[in-house]
Amino acid sequence: AFVLSEGNGGISREVVTVKSGAGKLAAGSVLGQITADSKFVMSANAQVVGSEGAETAKGVLAYPVDATSADVQAVIVRRLSEVKKPMLVYDASVNDATKIATKLSQLATHNIIAR
């Protein structure tokens, strides 16, 4: 429901691994990628120990997942798409307009545009 438009075929989406311990994540969750293991977690406002690199938003979760106790394969919107700004879900540390704007700017570098 958060996707306004995306590229033809599967060009906008990618299958990734959401890291164990990330918990239950809703569709529309803004994710970052951990540099050390290439797994995805919620994109926090600042660097979190063990999740270095994930502070930069790189995609939006397409469907809900539960990564509470195990790694989970998930589909994310990774590029070439428009998303509904009010439907995006952020990490609890992304808690004001400036931090949200930063995440939206990071997504825009991947051609994920929030409207």
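The values are calculated or read from the model by the stated rules, or taken from the named source; none is laboratory data. Keep in mind that what you see is a predicted model, and the values were worked out from it rather than measured. Because the Cβ atoms are built from the backbone with ideal geometry, glycine has one as well, and the counts that use them run over all protein chains shown. Keep in mind that these areas ignore ligands, DNA and RNA; they rest on the heavy atoms of the full protein, side chains included. Shrake-Rupley method; radii C 1.70, N 1.55, O 1.52, S 1.80 Å.
Apply the Karplus curve 6.51 cos²θ - 1.76 cosθ + 1.60, θ = phi - 60°, to the phi angles in the range 8-24 and return the couplings in whole Hz, x for Gly and Pro.
Per residue, the Karplus-derived 3J(HN,Hα) values read 4, x, x, 4, 7, 10, 8, 8, 9, 10, 8, 5, 3, x, 5, x, 8 Hz.
For ILE112, ILE100, give me the order by solvent-accessible area with a 1.4 Å probe, most accessible first, ignoring ligands, DNA and RNA. Don't skip to the answer; put the middle values down first.
Details: ILE112 0, ILE100 50 Å².
Result, largest first: ILE100, ILE112.
If you work out Kirkwood radius over Cα pairs in Å from the coordinates, which of (i) 14.6; (ii) 15.0; (iii) 13.7 do you get?
(iii)
Using a 1.4 angstrom probe and counting only protein chains, how large is the accessible area of PHE2 in Å², to 10?
It works out to around 10 Å².
Give me, ordered by chain and number, the residues 5 or more places off ARG13 or on other chains with an amide H under 5 Å from its own placed amide H.
Answer set, sorted by chain and number: ARG78.
With a 10 Å radius around each residue's Cβ, average the other Cβ atoms per peptide and rank 3-11, 18-26, highest first.
Working: 3-11: 12.2, 18-26: 17.2.
With the highest mean Cβ count within 10 Å placed first, the list reads 18-26, 3-11.
Between ALA36 and ASP96, what length comes free when the chain is fully extended (0.36 nm per residue of separation minus the Cα-Cα distance, one decimal in nm)? Mind dumping the intermediate values first?
Details: separation 60, 0.36 × 60 = 21.60 nm, distance 2.84 nm.
Extra length available between ALA36 and ASP96 comes to 18.8 nm.
Put a dot 7 Å past each Cα toward the Cβ at LYS24 and ALA108; how far apart are the dots in nm?
Distance between the two pseudo-spin positions: 3.4 nm.
Keeping all protein chains in the complex and leaving out DNA, RNA and ligands, what accessible area do you get for ARG79 with a 1.4 Å probe, in Å² to the nearest 10?
Here the accessible area works out near 70 Å².
Provide the per-residue ³J(HN,Hα) series for the range 70-84, in order, calculated from phi with Karplus coefficients 6.51, -1.76, 1.60 and θ = phi - 60°, each as a whole number of Hz, with x at glycine and proline positions.
Whole-Hz 3J(HN,Hα) from phi for the range 70-84: 7, 4, 9, 6, 9, 9, 10, 7, 10, 6, 6, 8, 10, 10, 7.
Quick one: how many lysine pairs does the chain have with C-alpha atoms less than 13 Å apart and a gap of 8 or more or different chains? Give me the count, please. Walk me through the intermediate numbers first.
Numbers: LYS19/LYS39; LYS39/LYS58; LYS58/LYS103; LYS85/LYS103.
Lysine pair count for the chain: 4.
To the nearest 10 Å², what's GLU52's accessible area with a 1.4 Å probe?
70
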